[in-house]
Amino acid sequence: MSETISVNTRSYLSLDAAPAVVKPRLAIEITDNAYLPHLDDLESDWLHAVAVPAFKLLRKQRRGRPFGSFAAIGTGPGLDVLAAAEILGASRVGLTDLDPAVVAAAENNVRRNIPASRRPVIQAAAGDLLAPLIRFGDTYDVIYENLPNIPVKSAKRVAVARNSGSNFVPRKEEIPEFVHTLMLDLHYLALVQARDFLAPHGAVLSTIGARVPLKDLLALGGAAGLVSSILTYTWKAQYDPAGVLPGYVRNQRKDFGPFRYYPAAVLAETFAKFSLASSGKRAFDIDAQLAPHALDAPAAYAAFKKGETIGHTVVVLKSERR
Ligand SMILES: C[S@@+](CC[C@H](N)C(=O)[O-])C[C@H]1O[C@@H](n2cnc3c(N)ncnc32)[C@H](O)[C@@H]1O
């Protein structure tokens, strides 16, 4: 079972003009086990609100020069690949996800929404993290992931849960204790694998809900054999707070975390003082201003129940070879 949704490219990618690579209106097939973009609430959509501005900044930092290649780990319906073709100008794209049907639909979404003359070479395969791309024997200039914080057990689980993040299943690989305690397992494992897939001057962009200290996020790259910096620092209202906050409360009680939240009004006021381009470099200053307002998971849930809108900061972590 699947449905096809229509996406207005200019508004989804916040473009000033008509798209140069992808079609102005995207027809996106979503299989019933695929990650669902939040098209009815774009500010809560990670790709629109977090990844797209980061892609734009990355290209601007190269004075507009296009990137040759891009790979998405856990592409879902493939919108991240379409965004990368448009914004980064990638002429070769890799994409993976756990379920073969999700990947087949994503590949088709990329193919049918870019006219043949502008279409990148597509390298698509299903499986865990970057492992499916081994068969292509290539490297990538930009590797992007927006993986769930909590590992899910299998594609079947994803199908049932649509990544609700409620199934905490340990992985077999060795994971540093601080990574596991902060529930950053998949982000870490993606970085470990990415070492073999990064082009010489390539970078991994990890989009992470920063409910944990920035210094620990920066330590992720080091632990995985790369060097991390913060490309952008922004914030989001907690999506589905009634569903998600109790999970963080439970995990904090089980000795994970602690996890940091803030009242959304404080986040809005604080981040308004910083430009996106400077936000990565100023991330620790931003945190210092936010610190007096921090709420751990139980406090955030209590505030939510009293009617407060709760949010958290968001990092786009850029990790490169040493
Ligand atoms: C939050 S969605 C992000 C979708 C898309 N990348 C985006 O940015 O809009 C997370 C995706 O990661 C996938 N995923 C979860 N665990 C994975 C794993 N171990 N390997 C590959 N993909 C995984 C999920 O199936 C899901 O499609």
Convex hull (Cα only) mean projected area of the stretch 1-43, reported in nm² to one decimal: 3.4 nm²
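For a quick check: sort ASP141, ASP216, ASP32 by the number of other beta carbons within 10 angstrom, fewest at the front.
On the way: ASP141 21, ASP216 15, ASP32 12.
Neighbour counts put them in this order, fewest first: ASP32, ASP216, ASP141.
Using the Cα centre of the stretch 29-77 as the reference point, and only Cβ charges (+1 on K/R, -1 on D/E), how large is the resulting charge dipole? Debye, rounded to the nearest 20. Can you show the working numbers first?
Details: 6 positive and 6 negative charges, 166 e Å.
Roughly 800 debye for the stretch 29-77.
Out of the trypsin sites (Lys or Arg not before Pro) in the stretch 1-70, which ones are loop residues according to DSSP with at most 14 other C-beta atoms within 10 Å? Intermediate values should be presented prior to the final figure.
Values: sites: ARG10, ARG25, LYS56, ARG59, LYS60, ARG62, ARG63; in loops: ARG62, ARG63.
Sparse-neighbourhood loop trypsin sites (Lys or Arg not before Pro): ARG62, ARG63.
If you put +1 on each Lys and Arg Cβ and -1 on each Asp and Glu Cβ, how big is the dipole of the chain around its Cα centre, in Debye rounded to 20?
Rounded to the nearest 20 debye, it is 640 debye.
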Sparse-neighbourhood loop sites, trypsin sites (Lys or Arg not before Pro) in the stretch 192-254 - DSSP loop, at most 12 other Cβ within 10 angstrom: LYS254
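For the stretch 226-322, take N as its residue count and report Rg(C-alpha) divided by 2.2 N^0.38 Å. Intermediate results must be reported in sequence, preceding the final value.
Working: Rg = 14.3 Å, N = 97, 2.2 N^0.38 = 12.5 Å.
With N residues counted in the stretch 226-322, Rg over 2.2 N^0.38 Å equals 1.14.
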Length-normalised contact order of the stretch 190-297 in % [C-alpha pairs under 8 Å, at least 6 apart]: 30 percent
Cα pair distances in the chain, grouped into 10 Å bins until the bin that holds the longest one, percent each: 6, 27, 37, 24, 5, 0
Longest DSSP-loop-exposure-free segment, GluC sites (Glu not before Pro), the chain, at most 12 other Cβ within 10 Å: 1-172
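Could you line up HIS48, HIS201, HIS187 from fewest to most neighbouring Cβ atoms inside 10 Å?
Details: HIS48 22, HIS201 8, HIS187 27.
In order of increasing Cβ crowding within 10 Å: HIS201, HIS48, HIS187.
Over the chain, what relative contact order in percent results from Cα pairs under 8 Å that are six or more residues apart?
On the way: 639 pairs, mean separation 52.1, N = 322.
Result for the chain is 16 percent.
Restricting to Cα atoms and excluding each atom paired with itself, what does the Kirkwood estimate give for the stretch 1-87 in Å?
Details: mean 1/r = 0.0736 Å⁻¹.
For the stretch 1-87, inverting the mean 1/r across all distinct Cα pairs yields 13.6 Å.
Quote the Stokes-Einstein diffusion coefficient, in whole µm² s⁻¹, for the stretch 39-146, based on the Kirkwood radius over alpha carbon pairs, a temperature of 37 °C and a viscosity of 0.692 mPa s. Kindly include the intermediate steps, with their values, before the conclusion.
Details: Rh = 13.8 Å.
Using the Kirkwood radius from Cα pairs, D works out to 237 µm²/s.
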Simple Cβ-charge dipole of the stretch 232-322, Lys/Arg +1 and Asp/Glu -1, about Cα centre, in debye nearest 20: 260 debye
The stretch 84-156: C-alpha gyration tensor shape, a/c 1.5 cut-off, then a/b vs b/c: prolate
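No value in this document is a laboratory result; all are computed from the given coordinates. Fair warning: this is a prediction, and the values are worked out from it, not measured in the lab. For neighbour counting, all protein chains shown are included, and Cβ atoms are generated from backbone atoms with ideal geometry for every residue, glycine included.
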